[in-house]
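Notes to accompany the following structure.
The values are calculated or read from the model by the stated rules, or taken from the named source; none is laboratory data. None of the values given here were measured: they were computed from a predicted structure. Heads up, the Cβs are rebuilt from the backbone with ideal geometry, glycines too, and the neighbour counts pull from every protein chain shown. These accessible areas exclude ligands, DNA and RNA; they are computed on the full protein's heavy atoms, side chains included. Shrake-Rupley method; radii C 1.70, N 1.55, O 1.52, S 1.80 Å.
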Amino acid sequence: MQSAPDEFKSDIGTPHKLMLARLRYEIKQRDMLMEVKATAKTRRDELRLAKRKRIERLEKIDGHLQGFIKSVKLLDRSLAANGSGAQDETMGDESKPRHDGADERKDTKPSRSSRGSSSRVGTPRA
(Lines give C-alpha, C1' and ligand atoms only; values in the text may rest on other atoms or scores of the structure.)
Protein backbone atom coordinates (compact mmCIF):
# COMPACT_ATOMS: atom_id res chain seq x y z
CA MET A 1 0.00 0.00 0.00
CA GLN A 2 2.98 2.32 0.43
CA SER A 3 3.55 2.51 -3.34
CA ALA A 4 -0.17 2.96 -4.05
CA PRO A 5 -1.44 6.25 -5.52
CA ASP A 6 -3.17 8.74 -3.22
CA GLU A 7 -6.62 7.80 -4.50
CA PHE A 8 -6.30 4.43 -2.72
CA LYS A 9 -4.83 5.91 0.45
CA SER A 10 -7.62 8.36 1.16
CA ASP A 11 -10.43 7.47 3.54
CA ILE A 12 -8.78 4.40 5.12
CA GLY A 13 -9.76 5.23 8.70
CA THR A 14 -10.99 1.73 9.56
CA PRO A 15 -9.33 -1.64 8.94
CA HIS A 16 -12.25 -2.63 6.74
CA LYS A 17 -11.80 0.43 4.47
CA LEU A 18 -8.05 -0.19 4.40
CA MET A 19 -8.64 -3.77 3.22
CA LEU A 20 -11.07 -2.57 0.52
CA ALA A 21 -8.59 0.04 -0.69
CA ARG A 22 -5.82 -2.59 -0.82
CA LEU A 23 -8.04 -4.95 -2.81
CA ARG A 24 -8.99 -2.20 -5.30
CA TYR A 25 -5.31 -1.38 -5.73
CA GLU A 26 -4.44 -5.05 -6.31
CA ILE A 27 -7.24 -5.34 -8.88
CA LYS A 28 -5.90 -2.29 -10.70
CA GLN A 29 -2.36 -3.76 -10.66
CA ARG A 30 -3.62 -7.09 -11.99
CA ASP A 31 -5.52 -5.35 -14.79
CA MET A 32 -2.38 -3.44 -15.70
CA LEU A 33 -0.31 -6.63 -15.67
CA MET A 34 -2.91 -8.43 -17.78
CA GLU A 35 -2.62 -5.68 -20.39
CA VAL A 36 1.16 -6.02 -20.37
CA LYS A 37 0.80 -9.78 -20.69
CA ALA A 38 -1.62 -9.46 -23.62
CA THR A 39 0.72 -7.01 -25.34
CA ALA A 40 3.66 -9.38 -24.80
CA LYS A 41 1.66 -12.33 -26.19
CA THR A 42 0.67 -10.33 -29.26
CA ARG A 43 4.29 -9.31 -29.82
CA ARG A 44 5.43 -12.91 -29.31
CA ASP A 45 2.91 -14.17 -31.87
CA GLU A 46 4.00 -11.51 -34.37
CA LEU A 47 7.63 -12.49 -33.89
CA ARG A 48 6.84 -16.19 -34.30
CA LEU A 49 4.96 -15.48 -37.51
CA ALA A 50 7.80 -13.33 -38.85
CA LYS A 51 10.31 -16.04 -37.93
CA ARG A 52 8.24 -18.71 -39.67
CA LYS A 53 8.04 -16.56 -42.80
CA ARG A 54 11.82 -15.98 -42.76
CA ILE A 55 12.48 -19.69 -42.34
CA GLU A 56 10.13 -20.56 -45.21
CA ARG A 57 11.82 -17.96 -47.40
CA LEU A 58 15.28 -19.29 -46.54
CA GLU A 59 14.17 -22.86 -47.23
CA LYS A 60 12.83 -21.76 -50.61
CA ILE A 61 16.12 -19.99 -51.37
CA ASP A 62 18.02 -23.08 -50.23
CA GLY A 63 16.00 -25.19 -52.65
CA HIS A 64 16.78 -22.79 -55.47
CA LEU A 65 20.48 -22.85 -54.57
CA GLN A 66 20.54 -26.64 -54.52
CA GLY A 67 18.97 -26.68 -57.98
CA PHE A 68 21.49 -24.11 -59.17
CA ILE A 69 24.39 -26.16 -57.78
CA LYS A 70 23.11 -29.29 -59.54
CA SER A 71 22.83 -27.36 -62.80
CA VAL A 72 26.34 -25.98 -62.46
CA LYS A 73 27.75 -29.44 -61.72
CA LEU A 74 25.96 -30.86 -64.74
CA LEU A 75 27.26 -28.03 -66.91
CA ASP A 76 30.77 -28.51 -65.51
CA ARG A 77 30.67 -32.23 -66.33
CA SER A 78 29.41 -31.62 -69.84
CA LEU A 79 32.09 -28.98 -70.46
CA ALA A 80 34.78 -31.31 -69.12
CA ALA A 81 33.51 -34.10 -71.38
CA ASN A 82 33.68 -31.83 -74.44
CA GLY A 83 37.38 -31.13 -73.82
CA SER A 84 37.30 -27.57 -72.64
CA GLY A 85 40.67 -28.10 -70.92
CA ALA A 86 42.58 -26.53 -73.84
CA GLN A 87 40.63 -23.31 -73.47
CA ASP A 88 41.44 -23.06 -69.74
CA GLU A 89 45.17 -23.15 -70.48
CA THR A 90 44.99 -20.26 -72.95
CA MET A 91 42.87 -18.02 -70.70
CA GLY A 92 45.32 -17.79 -67.81
CA ASP A 93 45.10 -18.59 -64.12
CA GLU A 94 42.54 -15.93 -63.21
CA SER A 95 39.78 -17.37 -65.37
CA LYS A 96 40.16 -20.93 -64.08
CA PRO A 97 37.41 -22.03 -61.74
CA ARG A 98 38.53 -22.92 -58.25
CA HIS A 99 37.88 -26.49 -57.18
CA ASP A 100 37.76 -27.99 -53.74
CA GLY A 101 40.05 -30.83 -54.74
CA ALA A 102 37.32 -33.43 -55.19
CA ASP A 103 38.21 -33.99 -58.86
CA GLU A 104 41.90 -34.51 -58.06
CA ARG A 105 41.09 -37.10 -55.41
CA LYS A 106 39.08 -39.13 -57.90
CA ASP A 107 42.06 -39.37 -60.27
CA THR A 108 44.43 -40.71 -57.60
CA LYS A 109 42.62 -44.05 -57.30
CA PRO A 110 44.45 -46.92 -59.00
CA SER A 111 42.86 -48.28 -62.12
CA ARG A 112 41.85 -51.93 -62.46
CA SER A 113 44.71 -52.68 -64.84
CA SER A 114 47.34 -51.58 -62.34
CA ARG A 115 46.00 -53.85 -59.60
CA GLY A 116 47.55 -56.93 -61.10
CA SER A 117 51.05 -55.49 -60.99
CA SER A 118 51.33 -55.34 -57.24
CA SER A 119 54.31 -56.48 -55.22
CA ARG A 120 52.35 -59.48 -53.94
CA VAL A 121 53.26 -61.84 -56.75
CA GLY A 122 52.08 -65.29 -55.71
CA THR A 123 48.99 -64.37 -53.67
CA PRO A 124 45.64 -65.34 -55.07
CA ARG A 125 43.14 -62.64 -55.91
CA ALA A 126 39.80 -62.50 -54.13
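Tabulated results
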| read-out | value |
| --- | --- |
| Some residue of region 52-68 being assigned to a helix (DSSP H, G or I), acidic (D, E), open to solvent by 90 Å² or more (accessible area, probe 1.4 Å) and modelled with pLDDT of 90 or more | yes |
| Residues of region 10-47 satisfying the condition of being in contact with a helix residue (DSSP H, G or I) (Cβ under 9 Å, 6 or more places away or on another chain) and free of Cβ contacts under 8 Å to residues at least 24 places away in the same chain | S10, D11, I12, A21, R22, R24, K28 |
| K17 modelled with pLDDT under 95 and surrounded by 10 or more Cβ atoms within 10 Å (Cβ to Cβ) | yes |
| From the options R30, R54, R24, residue that is more than 20 Å from S3 (Cα to Cα) and of a type outside the set (S, T, N, Q) | R54 |
| Among (1) in a loop (DSSP other than H, G, I, E, B); (2) at pLDDT 95 or above - the single one P97 does not satisfy | (2) |
